[in-house]
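Readers should treat all values here as calculations from the given coordinates under stated rules, not as data from a laboratory. Everything numeric in this text was worked out from a predicted model, so none of it was measured. Virtual Cβ from ideal backbone geometry, glycine too; neighbours counted across all protein chains shown.
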Amino acid sequence: MDTIYALASARGKAGLSVVRISGPQAHEVVRTLTGSVPVARRASLRHLRWNGDILDDALVLVFEERASFTGEKVAELQLHGSVATVSAVLTALAEQPGLRIAEPGEFTRRALENGRLDLAQVEGLSDLIEAETEAQRKQALEVFSGAIGTRVGVWREMIVRAAALIEATIDFADEDVPVDVTPEVTDLLGRLLVELRRETSASVARERVRDGFEVAILGAPNAGKSTLLNTLARRDVAITSDIAGTTRDVIEVRMDLKGLPVTFLDTAGLRESQDPIEMTGINRARLRGEAADLRVLLVEEGQDRPTFDLGPDDLVVVGKSDRTPGPGLRVSGETGEGVAELIDAIHERLSKKMPTGGILIRERQRMAVLRAIGFAESAMDEISNGLGRHELAAEELRLAARALDSVVGRVDVEDLLGEIFARFCIGK
């Protein structure tokens, strides 16, 4: 296998930059640049030299095969983070025979191929790199730590146990089997199905944490929606005007709301209009409002409330509170009055939608578990039809185990790998 290298830290000026090398020649490259190879897993300050020049004073770390992130021999060079220094070191590496620059995600792909990570952990690492909020970080770190693989292992053991009991009845079909295994198999599969269904239900909430919640700001024209959005974003993202109907399209602003990933939607004012362009914006506002996780209906004191079906957790807020003070939840985009209280109310409601259990975070994982549920249910049906159907039940259980294996990448995922690793940066 080729020896690969890449900048593993962000590009640009920094206090430190890290260059990673992985493959059979990784340690020899260190010997070439520094004169010797440090003790494994112990940082050593070395001069990096090439063609008679000192490139940098760097901390050098090496890892042995099967004791590194990729499972191969690995070296990491911790450099001073100037653009010139990093460029000089990368140029020196490019001149080493047998080395090549890594492709996007290639370090992580090698970790998968060498059994250091399963596919779910790879997806968790991708999410961890992309995490913007505390909730996303915690969720991604849990998956990266191997929680999904551990849980899938437990489920698979239950299926294997059930299949083994059924296979015994098939193997001894012509003899007197002393024990009827049907109750034990039924109990095993019943408990398995309860767990799998619970997981698929919780996965929807987990996906929302990963992708972010949507909060739609709705209201009549000139209710102060765009001004409120600008105040929440702390910058001018939407055009504000006294002219009704200024907002024609949905404006999205993503932000960290007290640790939760939230996208606020500024929408067109809800009213009847003869303007076809404005009506298109109003229709989009209604559709996005209906699909959002939470709606904030902004109303004006003494004005008719626009018609929109709200849920029990949605908020009705009186806008322009600087002009019409009074009781209740009120905000002013102009002065910021009541905005902190609105943020607290939104956070409280979205926190209720946070997952309280489960470990699945992606649609691919959820669909694989749904397939396993379908096969396990079919196995239950075959078992209930008597001994003559046990061979069919055993086959359904093998398919269920195969579906669970695909969650962690043991089978049927080769066509997904290119898409997954293409999202990684070079050096990851």
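Assorted remarks:
- For the chain, the relative contact order comes to 17 percent (Cα pairs under 8 Å, sequence separation of at least 6).
- Here H27, H47, H80 are placed in order of increasing Cβ neighbour count within 10 Å, fewest first, which gives H47, H80, H27.
- Taking the Cα centre of the chain as origin and assigning +1 to Lys and Arg Cβ atoms and -1 to Asp and Glu Cβ atoms, the resulting dipole is close to 1620 debye.
- Ignoring the sites themselves, the chain has its longest run without GluC sites (Glu not before Pro) in a DSSP loop having at most 11 other Cβ atoms within 10 Å at 273-428.
- From its DSSP helices (H runs of at least four residues, each -39,500 (n - 2.57)), the chain gives a residue-normalised ellipticity at 222 nm of -15000 deg cm²/dmol.
- Low-density loop cleavage sites - trypsin sites (Lys or Arg not before Pro) in region 1-86, where at most 16 other Cβ are within 10 Å (DSSP): R11, K13, R41, R42, R66
- Long pairs among K138/K352; K320/K353; K138/K428, criterion Cα-Cα beyond 24 Å: K320/K353
- Relative contact order [Cα under 8 Å, 6+ residues apart], region 218-351, whole percent: 24 percent
- Order of H390, H347 - criterion: other Cβ atoms within 10 Å of each residue's Cβ, fewest first: H347, H390
- Net +/- balance of residues flanking L141 in space, Cβ distance below 15 Å, scoring K and R +1, D and E -1: -2
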